[in-house]
Amino acid sequence: MLLVGSMGSLSYLDTYAKKRTVSQYRTGLRRFMEGNPRNATKGVHPADLRQAKTLETACDRYLQALKAVGQGQENPLIARDTVIKAAQNDVEAFLARVKDKAPKTLRLLLSTVRVFLAENEVELPQMFWRKLRKRLGGSRAVTEVYVPSNKELRQILTHMDARGKSLFLCLASSGMRLGEALDLKLQDLDMEKEPVWVEVRAPYTKTGNRRKAFISTEAREALQEWLRIRPRFLGGNQHEQEQHTQTGKKGRKRAAPAKGVCPLCGRGPFKKERSLRIHMIRSHRPVDDGRVWPISSNTAECIWNTAVEKVGLLKKDPVSRKNILTPHSLRKFCRTKLGELVSQDVAEALIGHEGYLTEVYRVHDDKDLAKFYLKAEPALLVFQDAEQIATLRKDLEESKEHLQTIMNGVVSENMQLKEKVRDLEDFKQEAAKTAAKHREQIQLLQDLHLDHLKATKVALQQAGFNPQGLEGLIGYLETLKESSRTHKRARSDRRRV
């Protein structure tokens, strides 16, 4: 066993925010150290390199041995070139040892070693790395990814409990990556919106940028069922599992588990991988850490592989020997189904592909993307009849349009009625003004007529005639004048009131 080093050659890993990135870098360095470069791991069992302190000590030893190669040179430039040449030989030997890996895996391994050397002041020429990359072949994944049909996915989900069904239905309908879904907190879900909005925060994503995701109606139902019974799945022996994983019966550090042995409790070995998966799913329950699905990615993959195997779809790629139907297949399933009903750019943005997401956000906001998702949702349904749902949704949209047309007609008629009322009010006011004018003119004529009659009466009296016939008419006109004044005062009083 190696002693803990003091150089801190892996301290740069503490600056990475994502645990998955750190885990991948440690795995790459472990594979590099398994070849015992410069006798850095002499006397160390390969399984012990899984322990962080042991791996860092091995890396410290390697750097010491590597830099010691140039210590015999008096010229510092020659010493540096000697160290670089030795490091190049080690990298080429490592590449020859892992050359059977897939091209993407090889690129990741070389990137891990390159960053490790650069962070510890061993900078190899760019020409050297370009030369190695040319030897790797293609940059695409070797494993053929199988995209399940709606029927096959329904068969797979039927063999899962509420936890697995809710998780993988959400993956299939949203296009989220498995790691993103497992990082979701309860407060990241907005179950009141249609469709359900999921806040995929920046620390969860591969690119480090936040985005909104959406899930289907049947995924909402499965998620609600899981959240209802979620407390029953939590609690248990998490602390004991961690203690058993870290130490043995006498408190000593436990080495990595042997093949077929449960890494959480040490039971086994199980003869079949499926038996080990079933044991891990049934026997180990996590504590509540606030996540929607408080399980590890290994447990999620165990749930998936067990269900896939029961359906008879657990097949391996003939070249890479990896499963061709994985949780990542659900991301491709979502992209394929979305592409049938919306444009390519929108489909790529909905599943979180960064280049398309940036471009689409320049034109559409989250509400627009939610509308696009509702349009494509029928193609993502697994347990429901997509055609029937599409028909119902179409009928609903037509009903909404018809109702909107009726409302628009009512509003238009209301506006017309208001316009007519205004016209009537204007006419009423004009009529009132005309009537007042006519009353004044009538009153003026009556006054003139009364004055004329009075003048005629006086003239007749002066001429010696009896004006008895005119007195009755003059009295009648004076009565009308007084009545008109009375009505005028009454109208004035009503207006003041």
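Nothing in this text is a laboratory measurement; each read-out follows from the coordinates by a stated rule. Given the structure is predicted, the values throughout are model-derived calculations rather than measurements. For neighbour counting, all protein chains shown are included, and Cβ atoms are generated from backbone atoms with ideal geometry for every residue, glycine included.
Things to note:
- Cross-link partners of Lys151 among lysines (Cα-Cα below 18 Å; sequence separation of 8 or more within a chain): Lys165, Lys310, Lys315, Lys332, Lys337
- For Lys433, the aspartates and glutamates whose Cα comes closer than 19 Å to its Cα, not counting residues fewer than 8 places off in the same chain, are Asp423, Glu425, Asp493.
- Segment 432-472, dipole about Cα centre (Lys/Arg Cβ +1, Asp/Glu Cβ -1), debye to the nearest 20: 180
- In order along segment 332-349, the phi-based Karplus estimate (6.51 cos²θ - 1.76 cosθ + 1.60, θ = phi - 60°) of 3J(HN,Hα) comes to 5, 4, 5, 4, 5, 5, 5, x, 6, 10, 10, 5, 4, 4, 5, 4, 5, 5 Hz; Gly and Pro are listed as x.
- Counting neighbouring beta carbons within 10 Å and listing from fewest to most, the residues Leu403, Leu350, Leu314, Leu189 come out as Leu403, Leu314, Leu189, Leu350.
- When +1 charges are put on Lys and Arg Cβ atoms and -1 charges on Asp and Glu Cβ atoms, the dipole computed for segment 391-496 relative to its Cα centre reaches about 520 debye.
- Extreme residue, positive dipole direction of segment 391-496, given options Ile406, Ser492, His438 (C-beta unit charges): Ser492
- For Lys185, the aspartates and glutamates whose Cα falls under 13 Å of its own Cα, not counting residues fewer than eight places away in the same chain, are Glu199, Asp288, Asp289.
- Exposure proxy ranking, count of Cβ atoms within 10 Å, fewest first, for Met191, Met176: Met191, Met176
- When Tyr476, Tyr373, Tyr146, Tyr12 are arranged by Cβ crowding within 10 Å, least crowded first, meaning fewest neighbours, the order is Tyr476, Tyr12, Tyr146, Tyr373.
- Note on segment 11-134: dipole from Cβ charges, positive end direction compared against Ala40, Gln64, Leu108; the farthest Cα belongs to Leu108.
- Longest exposed-site-free window of the chain, the sites being GluC sites (Glu not before Pro) in a DSSP loop that have at most 15 other C-beta atoms within 10 Å: 341-497
- Of the trypsin sites (Lys or Arg not before Pro) in segment 39-83, those whose Cβ has at most 15 other Cβ within 10 Å and which sit in DSSP loop: Lys42
- Per residue, the average separation of C-alpha pairs within less than 8 Å and at least 6 apart gives the chain a relative contact order of 13 percent.
- Sorted largest first, the spans of the alpha carbon positions of the chain along the three principal axes are 163, 62, 46 Å.
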